[in-house]
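What follows is a set of notes on a single structure, which appears directly below.
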């Protein structure tokens, strides 16, 4: 059960099919609480924290491994191997959408459908491509991260990390929901913003859905359209929700969009996809 | 009356008050905060968004951290951010906020209070910088330690073999197994072996000098052409034995104020390497003064490098291989060049065509006072040599 502890894996629900929710940069599996709960009736729901985030085992963090999105994708695959998961539905928020895509490229048999919530394959503007951000935004973000170790203190970290079963203790610590070791947070931010996964999209064999918000500075309308254009078997759904976190700001709408997508018959049923 | 007072207190309280929608649109703001941003109420309410009165990156930070926190725990405390006025004056603040949610649980409005923390912020920045410096020093030390380990291992390896063979010959002679006439031909061989060892030790000494004696060698401007001439004199024998032509194409006017022995070390190692891997033709050294740097290029007509080797070479990880006349090297030259370049903030670029030759350029940063063209320095109309 090493991976279960390392990634603070939580399993709920009793369904036959498995749905995995992967959190984005910044917080932890906590951000999925509301949305994930709605799937417990029909699915086996798996939540986890990437190594370095939430209540994962910080000792397992390795700067080199996690200097690329591949390292994070490996976390998802490790969970699939550990729990014998095949043909799962993988929902990723923000950077986790592209981490999910990488995981599905490496091990297509593990996944049946992918859901990208507020995805972006590249955050900067580049020739014809509009990622939405420029270098000054990112410099400013890093400055703010350096002057705000929100909730983080090496003194209280063990309290936050070691008490998953005693949420009242965590809640006593202000801002602890998103408390992350500042060095790790900085490195994760770097990987997030400097990754360019555009070239992976055309290779994706697993079908996917993009949930696109309005007024999202991290994933503007163009990025959803770009993914649609270059990714085989991708559908695009526009949400009324604004901002970057529809699973938090509009959980109902997010749940409905995911559910109706899951009810649809698979776009592509190709047994050759199943390697095992 | 009491209402008037509370109104007054709200507007001119010694802190900023602010309410805004989750999309950033400002719905309430007090006079204190308006003063910080140098705006009227009418210009702001319903008109401006939070991102227009905060520093770059703030709204990104809000999207990634603050809104999720507000949604999950309903409040956020002690966020450090900069409020920026219409004329670009920043006020560093601490920001506390609570979220007002509607029945469905989504955020309707955010109420925030802001305290200016100019002096405290300065202090924090000082601490942050001190921390960064301390970390950089620790990193530097660790790196030097690693280089030292590599050097010690090369040193052990490369001095042992020649000393061993010299030792053997002396012993044989001492034991009478080699007569005076027999031992004589070995002298030249022994001298050659020891020469190579001496060069290695000299290189090490110059490196350790720059590393441990922080008393900087007086940086008197010297001519790049003369340094190169000195290098050519040292390596004359090597070039002659391979019938190679050494060309010094540096303008005599190019001057540089830096540690002369380091610059000489770098050029000597580059030229030595070029000779080593060139069968015919020659080695040319040239230099260019740019506005903020001087570049020295050593090009040869040698065997060249394959793309893989070139990549390793420029990243300093290429290990030594025998030259065209089977000349041996220790691989130390490249390691030390990279060390020196790090100290000087310089960098190395290389182009190579297999079978045609290699051209290595070292770029050393400098200012117009530390590298210049002496002829044109007196002629202020044109400062730099192109």
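Each reported figure results from applying straightforward, stated rules to the coordinates on display, with no laboratory input. Every value quoted in this text rests on a predicted model; they were computed, and no experiment measured them. A quick note on method: Cβ atoms are made from the backbone with ideal geometry, for glycine too, and the neighbour counts reach across all protein chains shown.
Tabulated data
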quantity	calculated
Cα-based shape type of chain B, given that a ≥ b ≥ c are square roots of the gyration tensor eigenvalues and the cut on a/c is 1.5	prolate
Alpha carbon convex hull of chain A, volume per residue in cubic angstrom	126
DSSP beta bridges in the protein assembly as shown [antiparallel fraction, %, rounded to 5]	65
Rh (Kirkwood; distinct C-alpha pairs) - region A:91-143, Å	12.6
Ranked by how many other beta carbons lie within 10 Å on average, peptides B:310-318, B:124-132 from highest	B:310-318, B:124-132
Stokes-Einstein D (µm²/s) once Rh is taken as the Kirkwood radius of region A:174-229 over alpha-carbon pairs, at 25 °C in 0.890 mPa s	175
Average partner coverage of A:239-249, which counts Cβ from other chains inside 10 Å	4
log10 of Debye I(q)/I(0), alpha-carbon scatterers only, for region B:125-233 at 0.09, 0.13, 0.19, 0.20 Å⁻¹	-0.49, -0.80, -1.08, -1.11
For residues of B:51-59, the mean tally of beta carbons on other chains within 10 Å	4
Rounded to 10°, Cα long-axis angle of helix B:260-276 versus longest principal axis of chain B	60
Shielding score for A:134-145, defined as the mean number of other chain Cβ atoms within 10 Å	5
Considering only region B:153-309, percent of DSSP beta bridges that pair antiparallel, nearest 5	70
Fraction in percent of alpha-carbon pairs per bin - 5 Å, region B:73-164	3, 11, 10, 10, 10, 9, 8, 7, 6, 5, 5, 5, 4, 4, 2, 1, 1, 0
Between 0 and 90°, nearest 10: helix B:118-174 axis offset from chain B longest Cα axis	10
Cα gyration tensor, region A:185-276 - rounded (a/c under 1.5), prolate or oblate	oblate
Taking the C-alpha atoms of region B:254-362, convex hull volume expressed per residue in Å³	98
Segments A:11-22, B:173-184 sorted - mean Cβ within 10 Å per residue, highest first	A:11-22, B:173-184
Theoretical gain in end-to-end length, residue B:188 to residue B:102 [0.36 nm per residue, Cα-Cα removed]	21.6 nm
Per-peptide average of other Cβ atoms within 10 Å, ordering B:245-255, B:82-92, A:26-36, B:273-283 highest first	A:26-36, B:273-283, B:245-255, B:82-92
Rounded tilt (10° steps) of B:186-212 against the dominant C-alpha axis of chain B	20
Cα centroid separation, region B:29-80 to region A:4-18 (Å)	38
20 Å binning of all Cα-Cα separations within the protein assembly as shown, expressed as whole percents from 0 upward	15, 34, 31, 17, 3, 0
